[in-house]
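The values are calculated or read from the model by the stated rules, or taken from the named source; none is laboratory data. Quick caveat, the model's predicted, so the values are computed rather than measured. Cβ coordinates were reconstructed from backbone atoms using ideal geometry, including for glycine residues, and neighbour counts include every protein chain displayed. Ligands, DNA and RNA are excluded from the accessible area calculation, which covers all protein heavy atoms including side chains. Shrake-Rupley method; radii C 1.70, N 1.55, O 1.52, S 1.80 Å.
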Amino acid sequence: MNPPTPAMPVEPVVASEPSESSGVSGGERGLALIVDDEVANRRLLGSMLVKEGFRTLEAANGREALECFEQERPDIVFMDALMPEMDGLESTRRIKRLTGEDFVPVIFLTAVKDEQCLLSCIKAGGDDFLAKPFTLTRLRARVLAMERVRDLQRTLAAKQRLLETLLEHDHEEKKLAERVWTQAVKYHNVCVPAIGMVERPATIFNGDLVLMHYLPDGGLRILLGDFTGHGLAATVGALPVADTFHAMTTKGFDDVALLSEINQKLYRLLPTERFMAAYLISISEGGDTLSWWNGGMPAAHLCTAAGRIELPSHALPLGILPELHDPVMRQVQITAGDRLLLMSDGLLEAPDQQGQMFVDAGLSALLDDWAPGTPILPALMAAFDAHCAGTEQIDDVAVMEIPLDIDALRRQSGT
């Protein structure tokens, strides 16, 4: 270790005129902190850096270096490894903690060639070495290399900060929009506690739309829609669909008129690659007839005392063509003990860790074991959760189980 020398005053050394070879004006390349207990070493390196276009600060030991760093925040640090009071290793560790996510290069000044010592410098946070005695050529090479790394890191850090700010803003906007959307879309839905329902969005927004309202004659109408994709882009058509559904149902328009109006609005509103698959279900006032329409959704399942009946897709999704495709409601006779299961394809296509979809991994067996008059939703979702354990949800999921007892539905809802 070099013999200790009295600490020099911490004063910046500024170039009066840059060298012709540097091609830069004084201080253009930033502020360099030189930390060395030898005055001669500091002055020699300082004069070289001034010629290269730097302003300089000097410190005689690690403690002074920390004070300079906190006060001036230099752009590059030249650090002697062996010094009194606080050596370069400890000083570098503390400087790196002060820099946080910013990158300030620390170049160790050393005449030591011991590999373990050099490794200790790197572990302490050093980024490069400058061997004593200094030469201008070697100094230029080290500085240029560190400046490139520093500038690249700062550019990336600035972009990362901007991205984080934009993502945070986007997240807040989505949360606000989701609250508004939920109030606007679901505010007019009737509450029917007897209906079992699970909704799980893949993102903040759910592209699966559930609407329920009573008809003027006391019947119940339900729409379960699945917009293309998921998230915010999938909910663009939700507001006009909800407004149309509630307004036309309240006024008693028939099912086909409602479907035609929704189809025309979505066709005008959505781009060509966007549409809404949907079920439309109406339970008659007397509770003995189920009218249904399935445009592009998975088959619905009607569990009756006589067995399970599939209600498959028979029409195109809404919004693809200017006129409604297959504008006919199917009908089936029902009794109070029957139950209806509706689901979006997010449930069927959810993969497990091996990539197998839920529809191919036990769903059929569950449906085959569905006993008439009993709910299936709890067992269905337990099997679904076990299937999806350890995987990320990739699409919105909506499932409804409807007991087809119109008196019970009206009584529990307070209607």
Consider only pairs whose beta carbons are under 9 Å apart and that are at least six residues apart or on different chains; among these, list those whose first residue lies in region 190-203 and is more than 22 Å from R339 (Cα to Cα) and whose second residue is exposed (fewer than 15 other Cβ atoms within 10 Å of the Cβ) and β-branched (V, I, T). A202/I394
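Take region 91-123 and flag every residue that is without any contact (Cβ under 8 Å) to a residue 12 or more places away in the chain and more than 35 Å from the chain's Cα centre (by Cα). Can you show your working first?
Of region 91-123, the ones without any contact (Cβ under 8 Å) to a residue 12 or more places away in the chain are 97, 99-100, 113-116, 118-119, 122-123.
Result: K113, D114, E115, Q116, L118, L119, I122.
Any chance you could count how many residues in region 262-282 are of a type in the set (S, T, Y) and either surrounded by 18 or more Cβ atoms within 10 Å (Cβ to Cβ) or more than 33 Å from the chain's Cα centre (by Cα) (or both)?
Summing the residues that are of a type in the set (S, T, Y) and either surrounded by 18 or more Cβ atoms within 10 Å (Cβ to Cβ) or more than 33 Å from the chain's Cα centre (by Cα) (or both) in region 262-282 gives 2.
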If we keep only residues of region 246-261 that are part of a helix (DSSP H, G or I) and in contact with a Pro (Cβ under 8 Å, 6 or more places away or on another chain), then the residue surrounded by the most Cβ atoms within 10 Å (Cβ to Cβ) is L259
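Matching residues to (1) at pLDDT 85 or above; (2) open to solvent by 80 Å² or more (accessible area, probe 1.4 Å); (3) over 30 Å from T289 (Cα atoms):
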| site | (1), (2), (3) |
| --- | --- |
| L163 | yes, yes, yes |
| K175 | no, no, yes |
| Y214 | yes, no, no |
| L220 | yes, no, no |
| G231 | no, no, yes |
| V241 | yes, no, no |
| T244 | yes, no, no |
So, in region 68-92, how many residues would count as being assigned to a strand (DSSP E or B) and closer than 17 Å to E38 by Cβ? 4
Taking interchain pairs and intrachain pairs at least six residues apart, which have beta carbon atoms under 8 angstrom, with the first residue in region 42-57 and farther than 14 Å from T137 by Cα and the second assigned to a helix (DSSP H, G or I) and of a type in the set (D, E)? L57/E72
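If the requirement is being open to solvent by 20 Å² or more (accessible area, probe 1.4 Å) and farther than 20 Å from R150 by Cα, which of these qualifies: R43, R73, R97, R93? Give the derivation first.
Numbers: R73 fails: farther than 20 Å from R150 by Cα; R97 fails: farther than 20 Å from R150 by Cα; R93 fails: farther than 20 Å from R150 by Cα.
Just one listed residue meets the conditions, R43.
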I need the full set of residues from region 349-359 which are in a loop (DSSP other than H, G, I, E, B) and either closer than 19 Å to V198 by Cα or among the aromatic types (F, W, Y) (or both), in order please. E349, A350
Restricting region 360-377 to residues that are free of Cβ contacts under 8 Å to residues at least 60 places away in the same chain and in a helix (DSSP H, G or I), which is surrounded by the most Cβ atoms within 10 Å (Cβ to Cβ)? L363
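Tell me yes or no: at least one residue of region 108-116 is in a strand (DSSP E or B) and aromatic (F, W, Y).
So in region 108-116, the residues in a strand (DSSP E or B) come out as 108-110.
Now restrict to residues that are aromatic (F, W, Y): 108.
The answer is yes; a qualifying residue exists.
Any idea which of D75, D80 is touching a residue at least 40 places away in the same chain (Cβ under 8 Å) and under 21 Å from K132 (Cβ atoms)?
Working: D75 fails: under 21 Å from K132 (Cβ atoms).
Going through D75, D80 in turn, just one is touching a residue at least 40 places away in the same chain (Cβ under 8 Å) and under 21 Å from K132 (Cβ atoms): D80.
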Is region 323-342 home to any residue that is modelled with pLDDT under 95 and open to solvent by less than 20 Å² (accessible area, probe 1.4 Å)? no
Residue by residue through region 76-90, note down the ones that are open to solvent by 10 Å² or more (accessible area, probe 1.4 Å) and within 41 Å of the chain's Cα centre (by Cα). L89, E90
If you go through E285, E310, the only one that is at pLDDT 95 or above and either open to solvent by 60 Å² or more (accessible area, probe 1.4 Å) or out of contact with any strand residue (DSSP E or B) (no Cβ under 7 Å at 6 or more places or on another chain) (or both) is E310
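Assess whether A382 counts as being more than 28 Å from F275 (Cα to Cα), part of a helix (DSSP H, G or I) and open to solvent by 20 Å² or more (accessible area, probe 1.4 Å).
yes
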Criterion (of a type in the set (D, E) and under 29 Å from the mean Cα position of the chain (by Cα)) met by exactly one of D345, D407: D345
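Looking at region 124-158 only, could you name the residues that are free of Cβ contacts under 8 Å to residues at least 40 places away in the same chain, in a helix (DSSP H, G or I) and not acidic (D, E)?
We begin by selecting, within region 124-158, every residue free of Cβ contacts under 8 Å to residues at least 40 places away in the same chain; these are 124-125, 127-129, 131, 133, 135, 137-138, 141-142, 144-145, 148, 151-152, 155-156, 158.
From the residues that got through so far, the ones that are in a helix (DSSP H, G or I) too are 137-138, 141-142, 144-145, 148, 151-152, 155-156, 158.
Answer for region 124-158, where residues must be free of Cβ contacts under 8 Å to residues at least 40 places away in the same chain, in a helix (DSSP H, G or I) and not acidic (D, E): T137, R138, A141, R142, L144, A145, R148, L152, T155, L156, A158.
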Please work out which residue is farthest from R42 (Cα to Cα), limiting yourself to region 100-124 and to residues that are open to solvent by 20 Å² or more (accessible area, probe 1.4 Å) and of a type in the set (G, A, S). G100
